[in-house]
Amino acid sequence: MQAQTQAFPRHQRLYFGALLAGIAGSLDSYTYLLHGGVFSGLQTGNCILIGVEVSKGDYGQVLKYIVSILAFILGAIIIRFIQYRFELSDSLKRHEIFVLIYECVLMVVVALLGTHIPQMMATAILSIVAAGQLQEFRQLKGGPFTSLMMTGNLRTLGESLFNGWLVGQSKARSKAIDIGTIILSFVAGAVLMGLLVPMLKELAIVCSAVMVAITAMILMVNPER
């Protein structure tokens, strides 16, 4: 088991993916609770809510969802640009750490300025953060992974449960445990933020920033590829 664990870089291991999922859940919970029911990462939900508001003729509510969607696209472009530049430079190898620090800084900005800037701007900044995480961290133990969207993970969990316990595939059982851990971590992040927001309001995002800082430190201490 130890040898199998060591085969993967730190940022592809289960505990790291669980941290990322917790961060993603906390971001969506934060913006949903404080910024008018908008999701920072779950853009499928925002697209659905656009349709709901249009069907009701409440066009004034549509803009906040569109802002989040556009900011998410911008966030993906920014990180793709960073990845491209790092690929061209032999001296810049650890872009995962750079992206995590970048995310942490943006979260701190929202914590400090949250009461002084429009809600849509704060949501846009966190949508950029969510997109960056999705763009950068896309593998878990060498396989495809998303820390933001649980629909695909739930499908994978169902498939793995069938293959693992009804077909008898041991690898599928291990995968089911991994995916289940990711899903529970996402929910736990949302729960944590749901508990903190009533007490800390805009400052609750500091908790997410601390989780990001922890993930960065994991990569900084005894870094490996």
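The values are calculated or read from the model by the stated rules, or taken from the named source; none is laboratory data. Keep in mind the model is a prediction, meaning the values are calculated, not measured. No Cβ is skipped: glycine too gets one built from the backbone with ideal geometry, and neighbour counts run over all protein chains shown. Calculation scope for accessible area: heavy atoms of the full protein, side chains included, ligands and nucleic acids excluded. Shrake-Rupley method; radii C 1.70, N 1.55, O 1.52, S 1.80 Å.
Of note:
- Scanning the range 198-208 for residues that are open to solvent by 10 Å² or more (accessible area, probe 1.4 Å) and aliphatic (A, V, I, L, M) gives Met199, Leu200, Leu203, Val206.
Yes or no, residue by residue, for (1) aromatic (Phe, Trp, Tyr); (2) closer than 19 Å to Ala216 by Cα; (3) outside any helix (DSSP H, G or I):
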{"position": "Lys64", "(1), (2), (3)": "no, no, no"}
{"position": "Leu70", "(1), (2), (3)": "no, no, no"}
{"position": "Ala76", "(1), (2), (3)": "no, no, no"}
{"position": "Phe81", "(1), (2), (3)": "yes, no, no"}
{"position": "Phe98", "(1), (2), (3)": "yes, yes, no"}
{"position": "Cys104", "(1), (2), (3)": "no, yes, no"}
{"position": "Met107", "(1), (2), (3)": "no, yes, no"}
{"position": "Ala130", "(1), (2), (3)": "no, yes, no"}
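- Check on Phe162, modelled with pLDDT of 95 or more, closer than 13 Å to Gly17 by Cβ and not acidic (Asp, Glu): no
- From Arg94, Arg85, Arg80, residue being of a type in the set (Lys, Arg), at pLDDT 90 or above and surrounded by fewer than 23 Cβ atoms within 10 Å (Cβ to Cβ): Arg80
- The one condition in (1) under 20 Å from the mean Cα position of the chain (by Cα); (2) of a type in the set (Ser, Thr, Tyr); (3) within 24 Å of Ala209 (Cα to Cα) that Thr115 fails to fulfil: (1)
- The range 143-199, residues that are of a type in the set (A, V, I, L, M, F, W, C), under 17 Å from the mean Cα position of the chain (by Cα) and not in a helix (DSSP H, G or I): Phe145, Leu148, Met149
So that you can scan it fast, the table gives a plain yes or no per residue for (1) more than 17 Å from the chain's Cα centre (by Cα); (2) more than 19 Å from Pro144 (Cβ to Cβ); (3) not in a loop (DSSP other than H, G, I, E, B):
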position	(1), (2), (3)
Ala18	no, no, yes
Phe39	no, yes, no
Cys47	yes, yes, yes
Gly51	yes, yes, yes
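Listed here are the residues, each with its yes/no results for (1) among the small types (Gly, Ala, Ser); (2) in contact (Cβ under 8 Å) with a residue 12 or more places away in the chain.
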position	(1), (2)
Leu14	no, yes
Ser26	yes, yes
Thr31	no, yes
Phe39	no, yes
Asn46	no, yes
Val54	no, no
Gly57	yes, no
Tyr65	no, yes
Ser68	yes, yes
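- Test: Ile117 is of a type in the set (Val, Ile, Thr), open to solvent by less than 80 Å² (accessible area, probe 1.4 Å) and in a helix (DSSP H, G or I): no
Table: residues versus (1) open to solvent by 20 Å² or more (accessible area, probe 1.4 Å); (2) of a type in the set (Lys, Arg); (3) modelled with pLDDT under 95; (4) over 27 Å from Tyr65 (Cα atoms).
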| position | (1), (2), (3), (4) |
| --- | --- |
| Ala3 | yes, no, yes, yes |
| His11 | yes, no, yes, yes |
| Leu19 | yes, no, no, no |
| Ile23 | no, no, no, no |
| Thr31 | no, no, no, no |
| Gly36 | yes, no, yes, no |
| Ser40 | no, no, no, no |
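- Flag for Val191 being at pLDDT 95 or above and not polar (S, T, N, Q): yes
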